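Engineer: One structure, as structure tokens, below. Some questions next.
Just so you know, all these numbers are worked out from the coordinates, no wet-lab data involved. Keep in mind that this is a model prediction, so the values were computed, not measured. Note that we place each Cβ from the backbone using ideal geometry, even for glycine, and neighbour counts take in every protein chain shown.
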Amino acid sequence: MNSKNIIFHVTKKYMKLNRRRTAITFIGIVFMVMLMTCVFAGKATVMKYLQKVAALDKGSWHMIVYDLTPEQAENVRSLDEVETAGLSEQLGVIEFPQSGDKEYKPFLNVKAYSPESFQMTNITLKEGRLPENANEIIISDSAIADGSSVKLGDTISGEYFTRSITSKKSGDGFTSFPFFNVELPYGGTVEVSNDFLPYFENEDYTENRIMSGRTGEYTVVGIMNAPGFEKTSGACYSALCGMDELAASDKVNMMLTFDLDKIDFIYEFREDLKRMIGGDVIGETNELVLTFAEKGSDSSINGLTIFVEIFFTVLIMAASVVLIYNVFNMSFAERTKYLGMLSSVGATGRQKRQSIYYECFALLIPALPVGILAGLGVITGGMKLIKPNLDKLIGVLKYGVKTDIPVSLKLGLTELCLIIGMCVVTVMISALIPAIKISKIGPVESIRGNTEKSKKKKKRYATRKSLLEKGKPEMLLAVNGTTRSKHLTRSIVRSVAAFAVLVMVTLYGAKSVIALLDIMTGESGWDYVPEDYSYYLAYNKDDEQTEKLINDVLENSAVTKKKEIDYTSVRISADSLSGEFMDAYKEMFFRYADNTEADWEEHIERELGRTFGINVIAVDDEEFAYLAKNGDADMSIAENPDEPSVLVYENTTLSTDYYGLGNDLIGYRCIEVNNSFSSQKGGELLVDNGSLKPEYLVNFSIKVAGTVNKDTIAERFKIFADTPYIFVNRSALKLINENNGDHTLATVLFRADNDANGAFIKQLSDLCEQSVNTGSEFVMGDYADRNQGMNIKQVIAAIIKILAYCFTALISAVCLLNLYNSIRGRAAERTRETAVLRSVGMTDKQLTKMRDLENLMLLGRGLCAAAVICAGLIFVMYRAMTGYFGRVELPVPWVLSIGIAAAICAASSIITRICGSSADKSDIIEKIRRETV
Amino acid sequence: MEILRVENIVKEYGDGETKVRALDGVSFSVEKGEFVSVIGPSGSGKSTLLHILGGVDKPTSGKVFIDGTDICSLGEDKLAVFRRRQIGLVYQFYNLIPVLNIDENIALPHLLDGRKLDRERLDSIVEHLGLNDRRENLPSQLSGGQQQRVSIGRALYSRPAILLADEPTGNLDRKTGDEIAALLKESNRVQKQTLILITHDERLAMQADRVFFLEDGRLIRNETVRAKL
């Protein structure tokens, strides 16, 4: 047996001898492996799950390449990077005689899909089966919902055509259809998309059909859930048929999924692909799916994902290092004894260090499979726990789709390597300091158990006279116990500090990430907060017919309370905006790499030289006065209903998501501006009607009653402002409309408490449905459901919020284990001391009091240390996050901090009592007899 | 005047086949101010007897009266109060509180009793023990002999009814052991402190007023020492 083997052999013997200590170290290491598994495999699992969620939107494909010849398609398919390739072909539009809504949806928009394409687009059948050839077709169930008579086995046939519209107007000018990107010159004809509304014939233009000569005859074999690409407002229902052999002249689209490990940057690959198959070929990427594969172009979400991963890994490492280090440190005295014996027979410092590392790795090897399995168990359990919430969110996102997306664990080679690698590094770091300390202790000190440095021999420990003379033995013991026995108390102080720091930093990080996500995924808009209303109606006020209808209807005696809030927009002089706002705007401008100072000057001159578009919320005079009173306003102006006045809303969040000011975005940036306006109380806001022609330009001013901000309006309004907002009174709205024309969107909130049998609401709902056909269009809804609509980014943000809180809970569990281990370890090492105290007449009550006092003192020290460390770390995190994502408010959650401190105090007190009472139950004699050196 | 009376004490450990009878019907009494030493081979039950007398262990049967109180009938808290007022315990391995300095260790039982520090008595004891220059040291900074002195100081500070010493010199060299023995004898002689001493050291045992011989848990001899060394 060589020297190394004998060291390991003896270490192993002592590990067996000290089963309790070995077990605690093992549990600590298992915990670490488990947490690493949670981070890496958990992240991979969640990302895979989120990819599936994201695929609900458009499908699971990564890229669609349009208009390929069959030969080009074959070339693409043969690429190494391509995993799955599916073909699709836009066949065009045919008549749909079985439509239940012939006036508004008379056509079928038919696409041909290969079997792979059906899979990649998440086509789900409500009945029947998928098409197996080019003569079979499936129809969207939205047709059935609209009353179509079509059923399985029916035949649909017709000639394909494209659509165009011809203007009947003469002279210069054009009619614009901004939602369809169509501009129709007077007297001209333009081609329109399949989604264009069916305006067959009216006084302004007429619709034409250009027959393609291609015909189709299909048997209906299935009804599918409305696919993601179907536009509810278009003229077509969707239909998909199968695909046969392609003719060389055909143009097809190709849906692709890639082996993403082989692709570094999807956009570089797209460019390569373009070069290979011809420069004009357009490739569309499935952004969200790629984002959750960490290959997307949405740098904000990508950056956030990486930040969250690094942040949680560092926290796990920190928690594990503290836990394992504490375990090693607490067994220091015990360990030095046998290592001293080895030292006395010639073991070198290096060999002693090796024994520590041997112990670590001897425990790490079995801990790896145990921890990984436990981690996978935690991920499975955690996902099961949060899945009902996730399904609910997905249900909100996509009503009626199958929301039971199965969670499948993902533990690939990469994850496995990361887990093992990080665990090895963590164990090395954890054992480093104990190993160095132990290697420096000489044989005699080790064997005697006297590991204190020699200078301590001479140190004097002054008598605590005040405590001694006042007769406060519990306090005397507590003070001395916490200040003179650093070896035992340090681990508790460290655990308390680590607990507070890790939980606080995790929560701060999680809350900040959530705040950032809220900003990144927030959609511009406002909400009236008080829950005093049951329903809402929304309509355009420029339609007098609708306005009259609404006003008449709401005069009904069933309506007991109503409030009208109007929304419009105006352009104000750029001079009315503050320097802070303009600086932020400029910073946005320079987030685009190709923008120069000259461009900025030109932009200012061209875009902002005159005016800047802002949002206007018009409220009744009572509401206006209330907002003014809570804000900083001149009430003599605000309470005068005859004077047009405005309250400027100071908070605006500018982001690169909203302001597209160039082509080459460097990276996401958002900036919260807290003083958006230069016009202040008593001043004037210069407004114009936004006309580009000087002869039509009208300027006017509105008195500024004062300023409000998100806090002062919090009880009434919640605004996500990516452009500035103002509140105006009715007089001001009138003035704006007189000058700008009425483009107001009105929202009327109301209660109908006198509508006992629901007849009024039923009548209103019917009116609402009919309004589409009568031209007096308005929408109606339950007030409580007004914010239910979520986009996919918001759903994903909500999922990340849940995961962040789960992780915080997990970190708290590790910290709690660490705290328990430290307190228990100290109690275990002091059993003899406790027995002696009892033998000299200390009662249980006195012992409990002493322990409580000690606990308080250690908590105080731990929390003080935590406060200092937290302050530093939070500052660093704040700087890192705001530096990367933008200048946003990431407030320190003070209330939560106090809550965390209180929770730690409670946990520590309970653990101290539990450990103390179990120590008290053991036999005094046994402990006194347990001889020490 | 009788300060201690022990009636038919039995102490058993374990049960079934592993049951061990550590004390088997031990009875005796001790007069106030008397110095009694207990000797016997290892495993004879000396320490068990001492722990029962000190109220840190309870007999399986039998009674122990100290100054007229049956300590076996006392509850945990009352027994703790009894220990700090009536008993002074000196152990072979000192059993000092590691985080308290000399003064604090000595005064501890007194403070636990809710009484104010008697500074004069503390000074005199420390002086007498020869520890004046070590008062602000922790036990770990002292030699074995010094630690045992502190242990004796702690036991004597509250003027207990009985001082129980469990092989107090067993862990010390001869010279230091003699010094400790001298201190104990002096407390018995000068302060009339009742002293029960367990020892393997026959020479020390013979300096007592009486010697109890224990063997297999039974008191086989109770001899008065006629001529002290």
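Engineer: Could the peptides A:35-45, A:720-730, A:429-439 be put in order, highest first, of the mean number of other beta-carbon atoms found within 10 Å of their residues?
Structural biologist: A:35-45, A:720-730, A:429-439
Engineer: To make sure I understand the rule: partners must be aspartates and glutamates, Cα under 15 Å from the Cα of A:K629, and not fewer than 8 residues away in the same chain. Which ones qualify?
Structural biologist: A:D620, A:D621, A:E639, A:D711, A:E715
Engineer: Straight-line reach only, C-alpha to C-alpha below 14 angstrom: list the aspartates and glutamates that A:K13 could link to, leaving out same-chain residues fewer than 8 apart.
Structural biologist: Filter leaves A:E334, A:E359.
Engineer: Okay, next question. Angle, helix B:102-112 long axis vs. longest principal axis of chain B, Cα atoms, 0 to 90°, nearest 10?
Structural biologist: 60
Engineer: What FRET efficiency do you get for A:E777 and A:L152 if R0 is 35 Å and r is their Cβ-Cβ distance, rounded to the nearest 0.05?
Structural biologist: In this case the efficiency is close to 0.50.
Engineer: What is the mean number of Cβ atoms from other protein chains located within 10 Å of the Cβ atom of each residue in peptide B:141-150, rounded to a whole number?
Structural biologist: 1
Engineer: Still on this structure, I have one more. How many nm separate the modelled label positions at B:K175 and A:D67, each set 7 Å beyond the Cα in the direction of the Cβ?
Structural biologist: So the two model labels end up 10.9 nm from each other.
Engineer: Have a look at B:G68, B:G54, B:G40 and tell me which one the Gaussian network model of chain B (Cα, springs below 10 Å) gives the largest fluctuation.
Structural biologist: The residue with the greatest mean-square fluctuation here is B:G68.
Engineer: May I ask for the angle, rounded to the nearest 10°, between helix A:3-17 and the longest principal axis of chain A, with both axes built from Cα atoms and the value confined to 0 to 90°?
Structural biologist: Approximately 90 degrees, to the nearest 10.
Engineer: What number, in percent, do you get for the relative contact order of the stretch B:1-98 if the mean sequence gap of Cα pairs under 8 Å and at least 6 apart is divided by its residue count?
Structural biologist: Relative contact order here is 30 percent.
Engineer: If you don't mind, another one. What is the average number of partner chain Cβ atoms found within 10 Å of a Cβ in A:459-471?
Structural biologist: That average works out to 6.
Engineer: Under 17 Å from the Cα of A:K48, which aspartates and glutamates turn up, not counting those fewer than eight places away in the same chain?
Structural biologist: A:D57, A:E83, A:D259, A:D261, A:E287, A:E294, A:E309, A:D391, A:D404, A:E415
Engineer: How far is helix A:844-885 tilted, in degrees, relative to the longest principal axis of the Cα atoms in chain A, given as a value from 0 to 90 rounded to the nearest 10?
Structural biologist: Around 40 degrees separate the two axes.
Engineer: Taking 8 Å as the Cα distance limit and 6 or more residues as the minimum spacing, I'd like the relative contact order of the stretch A:63-285 as a percentage.
Structural biologist: So the answer I get is 37 percent.
Engineer: Taking the Cα centre of each part, how many Å lie between the stretch A:321-384 and the stretch A:544-600?
Structural biologist: Centre-to-centre distance over Cα atoms comes out at 62 Å.
Engineer: So, one more: Within 10 Å of each Cβ of B:83-91, how many other protein chain Cβ atoms are there on average?
Structural biologist: Average per residue, whole number: 3.
Engineer: Same structure again: Pairs A:K16/B:K78; A:K102/A:K541; A:K849/B:K58: which are spaced more than 32 Å apart, C-alpha to C-alpha?
Structural biologist: Distance filter (> 32 Å) returns A:K16/B:K78.
Engineer: I would also like to ask the following. How would you rank A:897-904, A:109-116, highest first, on the average number of other Cβ atoms within 10 Å across their residues?
Structural biologist: A:109-116, A:897-904
Engineer: Could the peptides B:188-194, B:107-113, A:586-592 be put in order, highest first, of the mean number of other beta-carbon atoms found within 10 Å of their residues?
Structural biologist: Most protected by this proxy first, the peptides run B:107-113, A:586-592, B:188-194.
Engineer: Compute the relative contact order of chain A as a whole-number percentage, counting only Cα pairs closer than 8 Å that sit 6 or more residues apart in sequence.
Structural biologist: Over chain A, the number comes to 15 percent.
Engineer: How large is the convex hull of the Cα atoms of the protein assembly as shown per residue, expressed in Å³ as a whole number?
Structural biologist: So the per-residue Cα hull volume is 275 Å³.
Engineer: Please label the shape of the stretch B:145-229 as rounded, prolate or oblate, based on the square roots a ≥ b ≥ c of the eigenvalues of the alpha-carbon gyration tensor (a/c under 1.5 means rounded; beyond that, a/b larger than b/c means prolate, else oblate).
Structural biologist: It comes out prolate by the Cα gyration axes.
Engineer: Taking the alpha-carbon set of chain B, what are its Rg and Dmax in Å?
Structural biologist: Final numbers for Rg and Dmax: 17.2, 55 Å.
Engineer: Separation of the stretch A:216-246 and the stretch A:734-749 by C-alpha centroid, Å?
Structural biologist: The distance from the Cα centre of the stretch A:216-246 to that of the stretch A:734-749 comes to 42 Å.
Engineer: Right, another one. Apply the a/c threshold of 1.5 to the C-alpha gyration tensor of the stretch B:39-130 and tell me whether it is rounded, prolate or oblate.
Structural biologist: oblate
Engineer: Is the stretch A:462-602 best put as rounded, prolate or oblate by its Cα gyration tensor, with a ≥ b ≥ c the root eigenvalues, rounded for a/c under 1.5, and otherwise prolate when a/b is larger than b/c, oblate when not?
Structural biologist: Here the stretch A:462-602 falls in the oblate category.
Engineer: Oh, and also: Provide the per-residue ³J(HN,Hα) series for the stretch A:103-115, in order, calculated from phi with Karplus coefficients 6.51, -1.76, 1.60 and θ = phi - 60°, each as a whole number of Hz, with x at glycine and proline positions.
Structural biologist: With the stated coefficients, the stretch A:103-115 comes to 6, 10, 9, x, 10, 10, 9, 9, 10, 9, 10, 7, x Hz.
Engineer: Nearest 500 deg cm²/dmol is fine: what mean residue ellipticity at 222 nm does the protein assembly as shown get from its DSSP H runs of n ≥ 4 alone, each adding -39,500 (n - 2.57), divided by its residue count?
Structural biologist: -15500 deg cm²/dmol
Engineer: Related question: Based on the Cα atoms of the stretch A:523-786, what semi-axes does the equivalent ellipsoid have, where each is the square root of 5 times one gyration tensor eigenvalue, given in whole Å with the largest first?
Structural biologist: 35, 21, 19
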